[in-house]
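Visitor: Take this structure, written in structure tokens, and hold onto it; I'll ask about it next.
The values are calculated or read from the model by the stated rules, or taken from the named source; none is laboratory data. Quick caveat, the model's predicted, so the values are computed rather than measured. Note that each Cβ is placed from the backbone with ideal geometry, even for glycine, and that neighbours are counted across all protein chains shown. Ligands, DNA and RNA are stripped out before the accessible areas are found, and what is left, the full protein with its side chains, is counted by its heavy atoms. Shrake-Rupley method; radii C 1.70, N 1.55, O 1.52, S 1.80 Å.
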Amino acid sequence: MAQRRGYAIVAVAAAAVLIVGVAAARQTDRRGVLAVHQRLEGSYPAGSFAYVRVRNKHREVERRARGGHISIKFRPRAGLYRVSSFQRPCREQGCAELAAPVDSCSRRVAVYPGEGVRVTAVTRPGKGCSMRVAEPPPFPAARRVNAARRYVRGRATSSFAVIDTHGHLHGWAVHRRYVTASVVKAMILVARLRQIGNRMPSGSDQAVLNPMIQVSDNDAASVAYGWVGDGGLLAVGKRAGMRDLVVPGGSWGNVYFSAADQAHLFLVIDKLVPPRSRGYARHLLSSIVSYQRWGFSRYSLARGWQTFFKGGWRPTRSGSLVHEAALFERRGRRFSMAVLTDGDPSHDYGTQTLRGVASRIFR
């Protein structure tokens with residue numbers, strides 16, 4: 001079970017914690033790199049201007065160059081873009097007047113955070129334009145997810161969900177519901193920080209929230225749950241897209257959710273927090289005490305992934321329950337993962353399941 005202790009709310013002038021809250025781990029840069037190269041193979045009788053356009057619903061960028069060749073690179077926000085290429089032939093030598101666009105092509109291109117996408121357009125005068133898109137594969141790769149799936153199927157009642165760096169959900173029994181353990185404390189943290197608005201939590205708040213996350217203190221969780229209530233948890237679940245969430249009420253320990261729910265939550269967990277307390281939340285979720293780091297972080301940190309997580313464990317009628325959910329970041333890329341278990345013959349067996357999944361994902 002999570003740690004319990006006699007608890008009193010105290011006001012603390014925790015200057016060091018306040019500094020961490022403002023200047024902790026850098027906020028994720030949600031931009032990628034988009035490189036577009038236009039090449040002309042052949043020529044028009046009087047020459048031509050090449051055009052490249054990149055647009056989405058918020059922005060349009062256009063470049064043109066005489067001679068048919070263009071290379072541009074920029075860092076747009078992650079999202080979907082339409083990349084178009086066309087030529088405007090010169091009507092006469094000197095290009096004082098341009099003809100209508102010809103030999104055009106376009107593709108819809110996805111830009112992912114921290115990743116580079118290369119678009120190459122090749123124009124052959126009078127024969128049209130072709131466009132090729134090269135994007136990096138998502139992490140984790142399909143073979144790693146499949147290895148984790150095969151492993152989980154052979155364990156006690158277990159589910160896992162991964163949302164990869166391209167935003168796609170994978171896993172095993174991802175919508176099976178489990179009763180919570182201390183994993184729900186991450187939701188309580190988000191709910192409280194949203195409740196107090198765009199400011200740093202007070203010393204009294206931190207005196208509750210810090211032990212609730214870092215040492216998984218149950219008494220602190222009960223205090224914070226009293227602040228936010230079931231409505232706070234439901235609001236967080238709705239914003240995170242937790243479609244399997246059930247909040248019966250009466251206690252934070254009665255909440256049910258799925259592995260998919262937790263993967264969706266942790267993928268955006270820092271984005272759900274107001275900007276001024278975002279660094280504080282990231283600090284707490286990345287500074288869990290060492291004796292509760294028995295799951296993913298042993299493997300993720302070794303591979304250079306910054307890890308923000310919350311675990312939980314408790315006895316149930318079926319045996320032992322062990323959960324963990326996390327957000328992972330490396331060089332601008334991010335993905336999330338959750339492993340939920342029940343009916344474990346022991347706590348060690350459950351933590352072994354977490355590590356078994358993580359070792360296959362980060363291999």
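Visitor: Tell me yes or no: at least one residue of the range 210-226 is over 19 Å from Gln292 (Cβ atoms), among the charged types (D, E, K, R), in contact (Cβ under 8 Å) with a residue 40 or more places away in the chain and open to solvent by 20 Å² or more (accessible area, probe 1.4 Å). Write out each step before concluding.
Guide: Going residue by residue through the range 210-226, those that are over 19 Å from Gln292 (Cβ atoms) are 223, 225-226.
Okay, now just the ones that are also among the charged types (D, E, K, R), so none.
Checked against the condition, which is being over 19 Å from Gln292 (Cβ atoms), among the charged types (D, E, K, R), in contact (Cβ under 8 Å) with a residue 40 or more places away in the chain and open to solvent by 20 Å² or more (accessible area, probe 1.4 Å), the range 210-226 yields no hits at all.
Yes/no matrix, rows are residues, columns are (1) modelled with pLDDT under 95; (2) over 38 Å from the mean Cα position of the chain (by Cα); (3) surrounded by 15 or more Cβ atoms within 10 Å (Cβ to Cβ):
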| residue | (1), (2), (3) |
| --- | --- |
| Gln93 | yes, yes, no |
| Ala110 | yes, no, yes |
| Gly114 | yes, no, yes |
| Arg118 | no, no, yes |
| Ala121 | no, no, yes |
| Ser130 | no, no, no |
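Visitor: Return the total of residues in the range 54-70 being part of a strand (DSSP E or B), touching a residue at least 12 places away in the same chain (Cβ under 8 Å) and exposed (fewer than 13 other Cβ atoms within 10 Å of the Cβ). Write out each step before concluding.
Guide: Residues of the range 54-70 that are part of a strand (DSSP E or B), as a first pass: 54-55, 60-66, 70.
Restricting the remaining residues to those that are touching a residue at least 12 places away in the same chain (Cβ under 8 Å) gives 54-55, 61, 63-66, 70.
Checking which are exposed (fewer than 13 other Cβ atoms within 10 Å of the Cβ) leaves us with 66.
Counting residues in the range 54-70 that are part of a strand (DSSP E or B), touching a residue at least 12 places away in the same chain (Cβ under 8 Å) and exposed (fewer than 13 other Cβ atoms within 10 Å of the Cβ) gives 1.
Visitor: Conditions first: (1) outside any helix (DSSP H, G or I); (2) under 20 Å from Tyr291 (Cα atoms). Arg199 passes all but one, so which condition is the exception?
Guide: Checking Arg199 against (1) outside any helix (DSSP H, G or I); (2) under 20 Å from Tyr291 (Cα atoms), the one that fails is (2).
Visitor: Just checking: which of the strands (runs of 3 or more DSSP E) contained wholly in the range 246-363 hold 3 or more residues that are open to solvent by 10 Å² or more (accessible area, probe 1.4 Å)?
Guide: By residue number, 306-316, 319-330, 333-344.
Visitor: Right, next: Here are Arg88, Arg75: which of them is closer than 28 Å to His168 by Cβ, open to solvent by 30 Å² or more (accessible area, probe 1.4 Å), in contact with a strand residue (DSSP E or B) (Cβ under 8 Å, 6 or more places away or on another chain) and of a type in the set (D, E, K, R)?
Guide: Going through Arg88, Arg75 in turn, just one is closer than 28 Å to His168 by Cβ, open to solvent by 30 Å² or more (accessible area, probe 1.4 Å), in contact with a strand residue (DSSP E or B) (Cβ under 8 Å, 6 or more places away or on another chain) and of a type in the set (D, E, K, R): Arg75.
This table checks each residue for (1) without any contact (Cβ under 8 Å) to a residue 40 or more places away in the chain; (2) part of a loop (DSSP other than H, G, I, E, B); (3) open to solvent by less than 10 Å² (accessible area, probe 1.4 Å); (4) of a type in the set (Ser, Thr, Tyr).
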| residue | (1), (2), (3), (4) |
| --- | --- |
| Phe160 | no, no, yes, no |
| His166 | no, yes, no, no |
| Val190 | no, no, yes, no |
| Arg194 | no, no, no, no |
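Visitor: Follow-up question, since we're still on this one. Return the pairs, sorted by first residue and then second, in which the second residue is among the polar types (S, T, N, Q) and not in a strand (DSSP E or B), the first residue lies in the range 295-311 and is free of Cβ contacts under 8 Å to residues at least 40 places away in the same chain and over 16 Å from Val215 (Cβ atoms), the beta carbons are less than 8 Å apart, and the residues are 6+ apart or on different chains.
Guide: Thr307/Ser286; Thr307/Ser297; Thr307/Ser300
Visitor: Name the residues in the range 40-53 that are under 18 Å from Cys129 (Cα atoms) and part of a loop (DSSP other than H, G, I, E, B), would you?
Guide: Matches in the range 40-53: Glu41, Gly42, Ser43, Tyr44, Pro45, Gly47.
Visitor: Condition (residue is within 26 Å of Arg155 (Cα to Cα) and assigned to a helix (DSSP H, G or I)) applied to the range 223-237: is it met by at least one residue?
Guide: no
Visitor: Additional query: Out of the residues in the range 268-294 that are touching a residue at least 40 places away in the same chain (Cβ under 8 Å) and β-branched (Val, Ile, Thr), which is farthest from Asp164 (Cα to Cα)?
Guide: Per the criteria, the residue is Val289.
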